[in-house]
1. Could the peptides 752-761, 640-649 be put in order, highest first, of the mean number of other beta-carbon atoms found within 10 Å of their residues?
2. Would you mind checking Lys1065/Lys1104; Lys1065/Lys1130; Lys1139/Lys1168; Lys593/Lys770; Lys640/Lys720; Lys86/Lys239 for any pair whose Cα atoms are more than 21 angstrom apart?
3. Return the sequence-ordered ³J(HN,Hα) values of segment 724-733 in whole Hz as given by the Karplus equation 6.51 cos²θ - 1.76 cosθ + 1.60 applied to θ = phi - 60°, using x for Gly and Pro.
4. Checking a compactness column here: for segment 216-361, what do you get for Rg(Cα) / (2.2 N^0.38 Å), N being the number of residues?
5. Quick query: amide H of Ser453 versus all other amide H atoms, modeled in the peptide plane; which residues come in under 5 Å with a sequence gap of 5 or more or a different chain?
6. Can you work out the Karplus-derived ³J(HN,Hα) for every residue in segment 1092-1107? Use 6.51 cos²θ - 1.76 cosθ + 1.60 with θ = phi - 60°, whole Hz, and x for glycine or proline.
7. Going by average Cβ neighbours within 10 Å, how do the peptides 814-824, 32-42 rank, with the highest at the top?
8. Give me Asp1120, Asp799 ranked fewest to most by other Cβ atoms within 10 Å of their Cβ, as a rough exposure proxy.
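Since every read-out is calculated from the coordinates, none of them should be taken as a lab result. Model, not experiment: these values are computed from the prediction. Glycine also receives a Cβ, built like all others from the backbone with ideal geometry; neighbour counts cover every protein chain displayed.
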Amino acid sequence: MLREVAAELLALPSLQPLLEGLKVKSRYQLVYGLDESARTMLMAALRLHTDRPVLIVTPDQTHAGRIYEDMLSVFKDEDVYLFPGKELLYYSNLFSESGDAAAQRIAAMKRLARGDNIVVVATVSAMVTKMPPFAPWQEACFTLRPDDDIPIDELLGKLVDGGYERVEMVDVQGQVSVRGGIVDIYPAGEPYPYRIEFFGETVDSIRRFDPESQRSRERVDLLELTPARELVVTAAERKNALSALAKEDAKLSEQLAKGVRTEAEGKLQERLAEHMEKIREEVYFPGMEQYLLYFYDQAAKITDYFPDNTLLFIDEPQRCENTAEQLVREIGEMQSTLFAQGDLPARSADMVWSYKSLLANLLTQLVAFSLFAHSSDHHPYRRSVSLSAKPVPKFLGQWDLFGEEVGQWRRQGYRVVILTSSRQRSTGIVEVLAEKNIPAHYTLSEPDLAQRSVTLLHGSLESGFVLPEIKLVLLTEQDILPQKKKKRRIKGKEGVRVGDYQELQVGDFVVHEQHGIGQYLGLRTLDVGGTQRDYLYIQYSGNDKLYIPIEQIDVVRKYIGVEGKKPKMSALGGGEWSRVKARVQASVQELAKELLALYAARETEPGHAFSPDHSWQKDFEAAFPYEETPDQLQAIAEVKQDMEKSTVTDRLLCGDVGYGKTEVALRGAFKAVMDDKQAAFLVPTTVLAQQHYHNFVERLEGFPVNVGILSRFQSPAEQKETIKGLKEGTIDLVVGTHRILSKDIRFRDLGFLVVDEEQRFGVRHKERIKMLKKNLDVLTMTATPIPRTLHMSLVGVRDMSVIETPPEDRYPIQTYVLEYSDALIREAVMRELNRGGQVYFVHNRVQSINRWAAKLQELMPEVRLAVAHGQMPEDRLEKVMMGFLEGEYDVLLSTTIVEAGLDIPNVNTIIIQDADKFGLAQLYQLRGRVGRSNRIAYAYLTYQKDKVLTEVAEKRLQAIKEFTELGSGFKIAMRDLEIRGAGNILGPEQHGFMMAVGFDLYVKLLEDAIRTYKGQEEDTRQEPRIEIQADAYLPASYISDARQKIVFYQKVAAVESVEQVLEAKEELCDRYGPLPAAAENLLNVAHVKLLARELYVSSVSEEKGEIQIRFTKDFTLSGDLLLKLSKQFKGRLTAGTGKQFILAFRLNTRSAGERLLFILELFDELKKLAIKDNIHL
């Protein structure tokens, strides 16, 4: 949409010498005078004019992000790429890193390898970084089409050479999995993985699939595959590296022999041996890039990745130069330190280019963009062009002023373009202008930029501008309204929505409804009476063992308790488990009764019915600076619905930190104030009260709402003033700590109360909140996620809204797991401070925290450091936290108290010491403290490397590694958090009961109790027993991974309709290929069981050459129907009556599969006849 607007800039008379310079291939040119979006639009115009590839170099990631966003308003998503600089390139002890930045770089490299004309926005750190030569990477790219011939082993070899990791199931970028004739690949830099199905050695089909459900989506005709890593090494490069590293190793051994080897050199030799072994074994390892100059004789520059006709745009050249020099200096110092410590081999200490020499030896044309004119020693500008753009006024919702200004521009012959976020907003502005007799129109097609026209377009830029030379005004929504810019989506990994995480692994604890808690030791395929089946092998207390047939898997659940705590195992036999279950049952019945009584009481308690939304409500909501997520809109609608009822309501709002709960609550509070009621926000800490207060004042600017605050940070006089305002009604909205609950606080007319994290208040305060809830509309917020199963079971007992969708403008947090080093800490901290940010340093031991403070202060004397931990006096702790919030300190060294509710957008680096000693859920919450703004955030999870990590710590680091990729570790962390959430909702006294039987069984018992109290009838039909001699299981030759098998067994056990049986069959065929006979039998047994349940069949068995079908007491067939059946099955049927109705069929010698199909056919007939005969099923 903005292409036409950008193209208008080419008509600027002052720009013509520059366009001429580009034509005659002038090497260095300067454009000065333009800033912000005017500058970006000029860059876009030059790209449109030349139709050449463009590389834009910016001083830092923030600038890069802004230019990237603006460029996306002009060009398609697939034509603009971010190329972030490499982080931690020089640090060798990397255990793992999140691959988001690498994926962004690879996505751009893929298009460059194809020779496409794209726009790449890079940081200056990417410019100075030495890179692998591009040719080997390009050569490693290849394409696949249906009907191509390639052996699977050859394909796999290419992918593994390109850095793909072979796994059982693909769920993150850079992975490949092979199952028979099916290969799943998640290409780097791609939003979706692909499934390739082979017929022999020929590609039969290529399908995109969903990484979460693992189901195929649409077919594709072409798959372009790139390496998964930026560094591609073939056998020749490996040989180079091993030969050069062997020489270094020999030198170190020589020094050892002479007795002059230092401890650092000894450490280096150990590391070299470890890495050489991995290079020999062709294993990729994090930090492998440090050996770049061992693999290749010559490193490459970023410009080598672009064609010769590329345009190089330098944004703010002087800032870029200063940043580059500082970066090269810092990296040089760090490399020297690491080299001296024995952390780096010699060639790895030379990994950056000199910025000045890079620009001096350029082969491409360079255009520098600056606000002011300047000269350059190392590349004198051949042409300097001065352009001027004026900033636009900020109207802040003052419509009269806006109308006057637009009218004035029109009278002067200007064309006015207004960018808006939606058709609705455009229509509103068109109406405002029409009232002032200014014709304006909204268009979705190419704008007609005629003289005096006012055109509204859908789009977004960082800022508006006026170009007097071509009489063009461009206004953005945030220039007109009192709000920040609506954020666009950053391309990156999306948050994973966590379903029920039931994957069973060997060693997991499980709960059997009848036998209690045992330990799952794996799947065993056993031959019993000539039939092969899979059995769950479970060990109980006292070494008792139990084999559970796979068709009974639905009575076995994974034990889910609190991470790191082992449950008490049950003994087989004896009545202990029954007693435990009975105690829990009694407790949940009591709880269900209480919950239902509370709910019923609230439904009858008269309350204030709030009026429908006031007209100001719409303006207030329109001024929200972000795009609401669907969950958020749903929660807002539910809260307003509650408020408009004539009874009191109490809704629980759950959602992760930063998912937009506060905005939901604020809209409720605003609605209350518009109805002449007061609203109160109750928060657990003084710091949080202060934060909310500042945010509310800013958010409510321009609206007639008075905000007050009550906490210990207010002086007695200020508190007195606020209390008076609440009593007299001059304060509409108050935010405060438990001080709000004090006896001396009187409201004129309180109508809406928001309680943030109720579980963090003391018993006395909770009682006071309970009293308030009796005659008020209350919204309780919690950041702890709630398990979906619990949410579902509480429908109709507790009003609950859940926000699960993460906000879309978040950059993913770059997560590194690595060995602790002083050099690393200094670099990470200084990098954050240099971009004006702050740092959390988590050290979770109060005894040694002051010793660490002294150590860090010595390491970084220039840093302002504060210490915070839970054992400090409360007022001292609050002062430290407030000081940090207000920017008085650079680094907060603290225990895990930072995991609780602090929201400081300026903190975008967190360093966690001894990360292997934390639980995953805790790490997840700590990591969530950063990445709260539109900057890239960093999380460094460090560990002290002993000679050997314990097996437990190694496992945990492995889980953290998966967690950096949003894989299974992330889901485990979420699951543990959800259990905490459940405890918060149901009360701490329920926690012990949950732990006694495991979370899932607890929820089932609670559901049953609620159903009973609601008087809902349960289906009392018995589960039919199917005892047909058939191999019915998933053979290891079909699905080799036992965990995947379990997931499918759980799916098959849970089917409730024929459609679900067919879905399971489709999924198996899609993911693993055609079904073997045993798998087909497994699904048919499930189908038989379904129909048997419908037909009141208690068992189907094979006895003495007959299939016997026994029915429950509730079912019988009339003589007529029996006759019809007998005719249909040619007299092979006999019927018996007595205590129960039995049908028996003589078997012709058929295979097991045929017998099952025969039973299905018979059940289908029975169903049809029963329906015809009006038998109630």
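1. Values: 752-761: 21.7, 640-649: 17.0.
Peptide ranking by packing, descending: 752-761, 640-649.
2. Values: Lys1065/Lys1104 32 Å; Lys1065/Lys1130 32 Å; Lys1139/Lys1168 25 Å; Lys593/Lys770 18 Å; Lys640/Lys720 33 Å; Lys86/Lys239 26 Å.
Beyond 21 Å: Lys1065/Lys1104; Lys1065/Lys1130; Lys1139/Lys1168; Lys640/Lys720; Lys86/Lys239.
3. 5, x, 5, 5, 8, x, 7, 9, 8, 9
4. Relative to the rule-of-thumb radius for its length, segment 216-361 sits at 1.34.
5. Under 5 Å from the amide H of Ser453 lie the amide H atoms of Val416, each far enough along the sequence or on another chain.
6. Listing the rounded values in order: 4, 4, 5, 8, 6, 8, 8, 7, 10, 9, 10, 9, 6, x, 10, 9 Hz.
7. Details: 814-824: 20.5, 32-42: 22.5.
Answer by packing, highest mean first, reads 32-42, 814-824.
8. Ranking Asp1120, Asp799 by Cβ neighbours within 10 Å, fewest first, gives Asp1120, Asp799.
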